[in-house]
Amino acid sequence: MITEHAVCALPPDHRSWRHLVIRVERIDATEEWRVRWGAEYLTSGADWSPDARDAEQFTEQDALDVAEVMSRHVDVDGLTAADLLNR
């Protein structure tokens, strides 16, 4: 049973991959999934919260789709994946 996916707009061998990777994780043994970036969870308001209870719940495919979009917008030191790839 798959319990987590990693989504990132950077190639896996990029040195900043670990900073921009977004995790899609199964919530316990349910069919519900949540989106996590580092120690924060995506909320229904498209904000990030450190409290897992604030996380929006998705189907697996919806969580993957949202993570794909969010992976292009998260940043490390103000730089998105696109910025890092263009350096």
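The values are calculated or read from the model by the stated rules, or taken from the named source; none is laboratory data. Since we're looking at a predicted model, the values are computed, not measured. Positions of Cβ are backbone-derived with ideal geometry, glycine not excepted, and every protein chain shown enters the neighbour counts. Ligands, DNA and RNA are excluded from the accessible area calculation, which covers all protein heavy atoms including side chains. Shrake-Rupley method; radii C 1.70, N 1.55, O 1.52, S 1.80 Å.
This table checks each residue for (1) over 13 Å from the mean Cα position of the chain (by Cα); (2) within 21 Å of Leu79 (Cβ to Cβ); (3) at pLDDT 95 or above.
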| site | (1), (2), (3) |
| --- | --- |
| Val21 | no, yes, yes |
| Asp28 | yes, no, no |
| Glu32 | yes, no, yes |
| Leu42 | no, yes, yes |
| Arg53 | yes, no, yes |
- Task: Might you let me know whether region 76-84 holds any residue that is open to solvent by 50 Å² or more (accessible area, probe 1.4 Å) and under 15 Å from the mean Cα position of the chain (by Cα)?
- Result: no
Matching residues in region 1-51 (surrounded by 10 or more Cβ atoms within 10 Å (Cβ to Cβ), within 20 Å of Ala82 (Cα to Cα) and not basic (Lys, Arg)) number 14
Going through region 50-85 in order, the residues found to be of a type in the set (Val, Ile, Thr) and not in a helix (DSSP H, G or I) are Thr59, Val74, Val76, Thr80
Taking region 52-75 and keeping residues in contact (Cβ under 8 Å) with a residue 24 or more places away in the chain, open to solvent by 80 Å² or more (accessible area, probe 1.4 Å) and within 15 Å of Ile27 (Cβ to Cβ) leaves Gln57
